[in-house]
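**Q** Quick one: this structure, given as structure tokens, is what I'll be asking you about.
The values are calculated or read from the model by the stated rules, or taken from the named source; none is laboratory data. Quantities reported herein were computed from a predicted structural model and do not represent experimental measurements. Heads up, the Cβs are rebuilt from the backbone with ideal geometry, glycines too, and the neighbour counts pull from every protein chain shown. When the accessible area is computed, the model is the full protein with side chains, heavy atoms only, and any ligands, DNA or RNA have been set aside. Shrake-Rupley method; radii C 1.70, N 1.55, O 1.52, S 1.80 Å.
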Amino acid sequence: MKKQLLLLWCLLCSGTILAQNRYPIIPQPQKIIPQNGSFELNKQVVIVDKTRNPQTLVALQPLKDKCRLAAGLALPVVSKAKGKKPIEVILDAKVTQAEGYKLNITPQHIQLKAKTPAGIFYGVQSLLQLLPTDIEQKIRANDTQWTIPCGTIEDEPRFGYRGIMLDVSRHFMPVDFLKKYIDELAALKINRFHWHLTDGQAFRFESKKYPLLHTAKSPQWPTNEGFYTQEQMRELVKYAQDRFITIIPEVDVPGHSQAALVAYPQYACQDSTGKQLLFQGEFCPKPESAQFIADILDEVISIFPSEYIHIGGDEASKVAWHKCPVCRKTTQDLGLKNVDELQSNFIKTLEKHLNSRGRKMIGWDEILEGGLAPNATVMAWRSLESGGEAAKMKHNAIMSPTSHCYLDYYQSEDPNEPLAFAGFINLPKIYSFEPIPENLTAEEAKYVLGPQANLWTEQVPVGSHAEYMTFPRGVALAEVGWSKKEDRNYANFLDRLSSYLTRMDYRSVNYAKHFFEIKTQTSRDANQRINLSLLCDNNGAPIYYTTDGSTPTQQSNLYTGPILISQTTNIKAATVMKGRMVDEITRTISINKATGVQMELTTLPSKRYFRGGIGAITNGTFGGNGRFNDEEWLGWNDQDFEGVIKWNQATDFSKITLRFFHKPSSWVWMPKSVSILASNDGVNYTTLSTVNPSVPAQEGVLTIPMSLGNQQYKFLKIKAQAYGTIPANMTGAGDKAWLFVDEVVVE
Ligand code: TNX
């Protein structure tokens, strides 16, 4: 009996089985002990500040502001309760972690204890999430009862570093937007804002010493105007500090520096004739360049109090360095072996400079190449393993791998999704992220400071779109950084998230509504009729759909089973999450003689590009022109495509249209040749047509229509020969090309 009680208690504490979650806090606190009853916030309530610390008032500010606006309550800060209902705030050294806090809520009083003002701020964030969602309204919510459920919460973060990065070089984001963004991060207990201030496109940091920097533009990559004055940056630093967020500034060198080098070309490489060598905009790693950058870093340091300064270090092309006589001489003079060591030497010089100013350096994981600078922290992006490697070398690591943490990747399969950079990371994927690599010992794991999600903005022109890409995935990342690994539970997260969404609605956050993903499937039934199925892993919540182009609501058709279709159909479907329509998708299913007929493939696609299954090739839905990594396109690396369609009986046809993806900049190439073969016994095939397409001038979908005259066969075989070796001067030259195939249309 005792054991059962203990189990029940544990489950309650972890918050996993509470039917109606009265504590919908994100990120999930370490420990909640629920109690009946509630504390009512009314005119009787005062804040009793026992901390004698001016930062306490800063930490309490969000509570005071929101209560004043939404509830019309002043919550005066006093030193004694004097018969009023107190929210008692205490700084207590016994709270184990700097950012930890304890909340004790009874009907008569609330006590909030923390070791530091940061802990008080996090306790305040939890309290706000325990209040009705109306607390986020910017206007008075007159009829709301402002109750907070009783209970005890003991909380502290799993990781000391919980970060989000925003790139403001590719697209400039105004200061007002950044403030709103920082508010959102703070509400999630994220404590680092990594500000990617410079890149190839533009240098957004106002330098007083080198004033051409922030006005220069890269002719190669046009972007919008804008830079931050030193005053604006100082203002934002303060704004973030008041929300217990440290801004980590990044000046990305020696690569990604085209804009800076347009302004100061003397720091780029030159060949022996004095002609500038700029490949992807790299600094020439000579001592003068290091000095120039050190000067800029000094200005950066004067504005940003952050212990860590990020120097980038990613993706420097070393092509120019091979050709540049100064680089050759520097390599020789310093007794270095190769260009990797040249880069490493350059980064080490910058680190020494930062260390001499009492700061620490962060660099992207390329700084591991050619020897890691002695005190550097590695920001792992290409893989989790690179961060693990740093940890094994007793260097700090921040984990933001492209596998889980890239907010510029697609978050839904829907073809109507706005253009994203690449990839696919949906909400459950980022939620499942585990920042500590399995192969680390407990001792090594201590070097993992925490997770970070990155929003690169090549395809993110404005703030509202940055919100769309960041939320709710950033909400999941916050829980990854804060909550215990064993407490992470996606269903429970979604349950709490629904309340959080309402809060974001009130704060006008343009978050994405992708939680479950509705999938379509096309098949033929025994009578050869085409069935369209809607699939969704949403615990049985209803799916509604329309076929007239209108947006589905809870009054639209309820999906109860496969829909029969006999002509091209535009379907829109959406599901419901706690009364809210979410996950809307749009698909066009076009009907032809292959639609819904399962194809047999000789060689299966690469696992990475096989998410849609074999059915994707004949499901009547065309893969989009913008992306080849959705569920429609199937991809093979250096392998030919061969597929067979088998009908129940000999079938008439006269034209076949094939669709391929051609994107040399991503190693994806059109086929070298395409053949159509047919047979009636499935053994002896006749070749009906072969074409050798010429390389198209444009990247994107390549459609190959093949007219065949009137034919009647039972088996149809389609062969497409992979392009093979990528030609010289193209991206990935010498490597093997990918082949991407989508719909086979038979008419
Ligand atoms: C790689 S991540 C980059 C960025 C791009 C990003 C796009 C990193 C250190 N470098 O410059 O914007 O990919 O996902």
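**Q** Give me the count of lysine pairs in the stretch 599-746 whose alpha carbons sit under 14 angstrom apart, restricted to pairs 8 or more positions apart or on different chains.
**A** Qualifying lysine pairs in the stretch 599-746: 6.
**Q** Relative contact order, percent, of the stretch 189-506 when contacts are C-alpha pairs under 8 Å separated by at least 6 residues?
**A** Values: 550 pairs, mean separation 36.9, N = 318.
The normalised contact order for the stretch 189-506 reaches 12 percent.
**Q** Taking R0 as 60 Å, what's the FRET efficiency between residue 307 and residue 528 from their Cβ-Cβ distance, rounded to 0.05?
**A** Working: r = 69 Å, r/R0 = 1.14.
So, using R0 = 60 Å, E works out to roughly 0.30.
**Q** Let me ask something additional. When only C-alpha pairs under 8 Å and at least 6 residues apart count, what is the relative contact order of the stretch 222-338, in percent?
**A** Values: 134 pairs, mean separation 37.9, N = 117.
The normalised contact order for the stretch 222-338 reaches 32 percent.
**Q** Ok, one more. At 7 Å along the Cα-to-beta-carbon direction for both residue 50 and residue 109, put a label point, then send me their distance in nm to one decimal.
**A** Here the answer is 0.7 nm between the modelled labels.
**Q** Residue 422 versus residue 61, label points 7 Å from Cα toward the beta carbon: distance in nm?
**A** Each label point is offset 7 Å from its Cα along the Cβ direction, giving 4.1 nm.
**Q** Before I look further, what does the stretch 530-589 give for accessible area per residue, probe 1.4 Å, in whole square angstrom?
**A** Values: 2930 Å² over 60 residues.
Dividing the accessible area of the stretch 530-589 by its residue count gives 49 Å².
**Q** Let me have the relative contact order for the chain, percent, based on Cα pairs under 8 Å that are six or more residues apart. Don't skip to the end; give the middle numbers.
**A** Working: 1693 pairs, mean separation 65.7, N = 747.
Taking the mean separation of contacting Cα pairs over the length of the chain, I get 9 percent.
**Q** Further question: Expressed as a fraction of 2.2 N^0.38 Å, the rule-of-thumb size for a compact globular protein of N residues, what is the C-alpha radius of gyration of the stretch 444-553?
**A** Numbers: Rg = 19.0 Å, N = 110, 2.2 N^0.38 = 13.1 Å.
Relative to the 2.2 N^0.38 Å estimate, the stretch 444-553 comes out at 1.44.
**Q** Among rounded, prolate and oblate, which fits the stretch 276-393 when a ≥ b ≥ c are the square roots of the eigenvalues of its C-alpha gyration tensor, a/c under 1.5 means rounded, and a/b larger than b/c means prolate? Display every interim value, and only then the final one.
**A** On the way: a/c = 1.74, a/b = 1.22, b/c = 1.43.
Oblate shape, in that a/c is at least 1.5 and b/c is the bigger or equal ratio.
**Q** Using a Cα-Cα cut-off of under 26 Å, which lysines could be cross-linked to residue 85, ignoring same-chain neighbours fewer than 8 residues away?
**A** Result set, ordered by chain and number: 31, 43, 50, 64, 66, 94, 102, 113, 115, 138.
**Q** Order of 462-474, 26-38 by packing, highest average Cβ count within 10 Å first?
**A** 462-474, 26-38
**Q** Something else now. Counting Lys +1, Arg +1, Asp -1, Glu -1, what net charge surrounds residue 551 among other residues with beta carbon under 9 Å of its beta carbon? Don't skip to the answer; put the middle values down first.
**A** Working: positive: 572; negative: 584.
Its environment carries a net charge of 0.
**Q** Next question, about the same structure. Under 1.5 on a/c is rounded, so check that first for the chain, then, if it is not, pick prolate when a/b is larger than b/c and oblate when it is not; a ≥ b ≥ c are the square roots of the alpha carbon gyration tensor eigenvalues. Each step should come with its number before you reach the end.
**A** Details: a/c = 2.28, a/b = 1.23, b/c = 1.86.
Since a/c reaches 1.5 but b/c is at least a/b, the shape of the chain is classed as oblate.
**Q** Report the label-to-label distance for residue 684 and residue 657 in nanometres (one decimal), using points 7 Å from each Cα along the Cα→Cβ vector.
**A** So the label points at residue 684 and residue 657 sit 3.4 nm apart.
**Q** Considering only protein heavy atoms and a probe of 1.4 Å, how much of the accessible area of the stretch 323-363 is carbon and sulfur, as a whole percent?
**A** On the way: 1070 of 2140 Å².
The value for the stretch 323-363 is 50 percent carbon and sulfur by accessible area.
**Q** Right, something else. Does the stretch 2-155 classify as rounded, prolate or oblate by the C-alpha gyration tensor (a ≥ b ≥ c root eigenvalues; a/c under 1.5 gives rounded; else a/b over b/c gives prolate, otherwise oblate)?
**A** Values: a/c = 1.80, a/b = 1.28, b/c = 1.41.
In terms of gyration-tensor shape, oblate.
**Q** Go through the stretch 273-352 and name the trypsin sites (Lys or Arg not before Pro) that are in a DSSP coil and have 14 or fewer other Cβ atoms within 10 Å of their Cβ.
**A** Details: sites: 275, 318, 323, 328, 329, 337, 348, 352; in loops: 275, 318, 337.
Sparse-neighbourhood loop trypsin sites (Lys or Arg not before Pro): 275, 337.
**Q** Report the convex hull volume per residue for the stretch 530-589, counting only C-alpha atoms, in Å³.
**A** Values: hull volume 4.6 nm³, N = 60.
In the stretch 530-589, the Cα convex hull volume per residue is 76 Å³.
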